[in-house]
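K.L.:
Pasting in a structure now, in structure tokens, and then I'll have a few things to ask.
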Amino acid sequence: MIAALFPGQGSQEIGMGKALYEGSRAAREALDRAEAALPGLLKLMWEGPEEELKLTANQQPALLAVGYAAFQAYLEMGGALPSFAAGHSLGEWTAHVAAGTLSLEDGLRLVRKRGEYMQEAVPVGAGAMAAVLKVPAQTIQELTAGLAGVEVANYNSPEQTVISGTAEGVAKATEVLKGHKARVIPLPVSAPFHSSLMRPARERLAADLAQVELSTPRFPVYSNVRAQPETHPSVIRELLLEQITHAVRWVEILQHLKAQGVKVYLEFGSGKVLTGLVGRTLDGVEARSLTRPQEIAEYLAVLKQG
């Protein structure tokens, strides 16, 4: 069984998607549609400047467009539909576009607004995020439970958990965690994502999402909030909103996928972040990053050889 994985913010890079555009008709059509929906997106992806591409409102549609294009190239070249799909944070939206839950155009416009609303929810500098290493997630939960202004935002792997909240709250949590031998790395982000501070963004996006029709996905897509596969459009709509203020339960998603019998994990889009997280979370499975037509062709050729 195969699971399709789609990355979130941080996987972007200048030049992303260009090889797909040049090497796959299906990817080119997808990226042309993305450009028509958000003029100037391809130039930004391919030429930068990098600081502008890093902006949340630009990162999110860029990653969605490239993830969808890579998936279309994979299907065009004979790849089988996955049994399940999952996306990390923003990647959950890409997974739903790939599954047909919502159109590429609607998805791009919504995540552009999602990024804008998330950035505007908290003044720059007022929030912070940090990655915590060498301490189990349960210990992090216990140590931060009584602290104000800090929450667990991402359960990325058994050895990496991310905290989010006010700058003061994350600073205090960092002090406490370091006192318990944790390694804490501040993240270069512009807002405290996946925390209750994002509630204004969730409320604003709800009005936009209500105007868009959702369909039943052609394969189940895992929810970051529940760490379970979902297929009902009305449930998906609510979970996409809840995701903004809730933690990403990535470890549980991967563990559940393996329990379902998934042996192959294919990351579509830009970078290899999720491929690395699979390797650090699951044993006895295969994980591959498919970002270019050559990588897709090589993977499919290996499959044909048996």
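K.L.:
Quick one: ARG114 ticks every box in (1) open to solvent by 10 Å² or more (accessible area, probe 1.4 Å); (2) part of a helix (DSSP H, G or I) except a single one, so which number is it?
P.N.:
All conditions pass for ARG114, except number (1).
K.L.:
For the list (1) β-branched (Val, Ile, Thr); (2) under 18 Å from ARG292 (Cα atoms); (3) over 15 Å from the mean Cα position of the chain (by Cα), I need the number of the one condition that VAL66 fails.
P.N.:
(3)
K.L.:
Give the residues of the stretch 188-202 that are open to solvent by 20 Å² or more (accessible area, probe 1.4 Å), farther than 23 Å from THR231 by Cα and modelled with pLDDT of 95 or more, sorted by residue number.
P.N.:
SER196, LEU197, ARG199, PRO200
K.L.:
Could you tell me which numbered condition ALA128 fails, if it satisfies all but one of (1) in contact (Cβ under 8 Å) with a residue 12 or more places away in the chain; (2) open to solvent by 30 Å² or more (accessible area, probe 1.4 Å); (3) not in a helix (DSSP H, G or I)?
P.N.:
Here ALA128 clears every test but (2).
K.L.:
Still on this structure, please answer the following. Among the residues of the stretch 194-221, write down those that are under 15 Å from ILE236 (Cα atoms) and among the charged types (D, E, K, R).
P.N.:
Selection gives ARG202, ASP208, GLU213, ARG218.
K.L.:
Does ILE185 satisfy the condition of being open to solvent by 30 Å² or more (accessible area, probe 1.4 Å), part of a strand (DSSP E or B) and of a type in the set (Val, Ile, Thr)?
P.N.:
Yes.
K.L.:
Looking only at residues in the stretch 73-97 that are among the hydrophobic types (A, V, I, L, M, F, W, C) and open to solvent by 30 Å² or more (accessible area, probe 1.4 Å), which one is farthest from ASN156 (Cα to Cα)?
P.N.:
MET77
K.L.:
Determine whether LEU300 is under 15 Å from PHE71 (Cα atoms) and more than 21 Å from the chain's Cα centre (by Cα).
P.N.:
Judged against the criteria, LEU300 is a match.
K.L.:
Tell me, which residue of the stretch 145-182 that is of a type in the set (D, E, K, R) and in contact (Cβ under 8 Å) with a residue 60 or more places away in the chain is most open to solvent (accessible area, probe 1.4 Å)?
P.N.:
So the residue we want is GLU159.
K.L.:
Same structure, new question: Show me the helices (runs of 4 or more DSSP H) found entirely inside the stretch 206-293 where at least 1 residues are crowded, with 18+ Cβ neighbours inside 10 Å, of a type in the set (Phe, Trp, Tyr) and in contact (Cβ under 8 Å) with a residue 60 or more places away in the chain.
P.N.:
250-259
K.L.:
Is it true that GLY100 is crowded, with 24+ Cβ neighbours inside 10 Å, of a type outside the set (S, T, N, Q) and within 22 Å of TYR222 (Cβ to Cβ)?
P.N.:
no
K.L.:
Of the residues THR101, THR94, only one is part of a helix (DSSP H, G or I), in contact with a helix residue (DSSP H, G or I) (Cβ under 7 Å, 6 or more places away or on another chain), among the polar types (S, T, N, Q) and at pLDDT 95 or above; which?
P.N.:
Being part of a helix (DSSP H, G or I), in contact with a helix residue (DSSP H, G or I) (Cβ under 7 Å, 6 or more places away or on another chain), among the polar types (S, T, N, Q) and at pLDDT 95 or above holds for just one of THR101, THR94, which is THR94.
K.L.:
Go through the residues of the stretch 132-143 one by one and say whether even a single one is touching a helix residue (DSSP H, G or I) at 6+ places or on another chain (Cβ under 7 Å), modelled with pLDDT under 95, outside any loop (DSSP other than H, G, I, E, B) and under 30 Å from LYS258 (Cβ atoms).
P.N.:
yes
K.L.:
What residue, of SER195, SER190, SER157, is of a type in the set (Gly, Ala, Ser), under 23 Å from GLN243 (Cβ atoms) and in contact with a strand residue (DSSP E or B) (Cβ under 7 Å, 6 or more places away or on another chain)?
P.N.:
Within the list SER195, SER190, SER157, the selection yields SER195.
The values are calculated or read from the model by the stated rules, or taken from the named source; none is laboratory data. The structure displayed is predicted, hence computed values, not measured ones. Positions of Cβ are backbone-derived with ideal geometry, glycine not excepted, and every protein chain shown enters the neighbour counts. Protein only, heavy atoms only, side chains kept; ligands, DNA and RNA dropped before computing areas. Shrake-Rupley method; radii C 1.70, N 1.55, O 1.52, S 1.80 Å.
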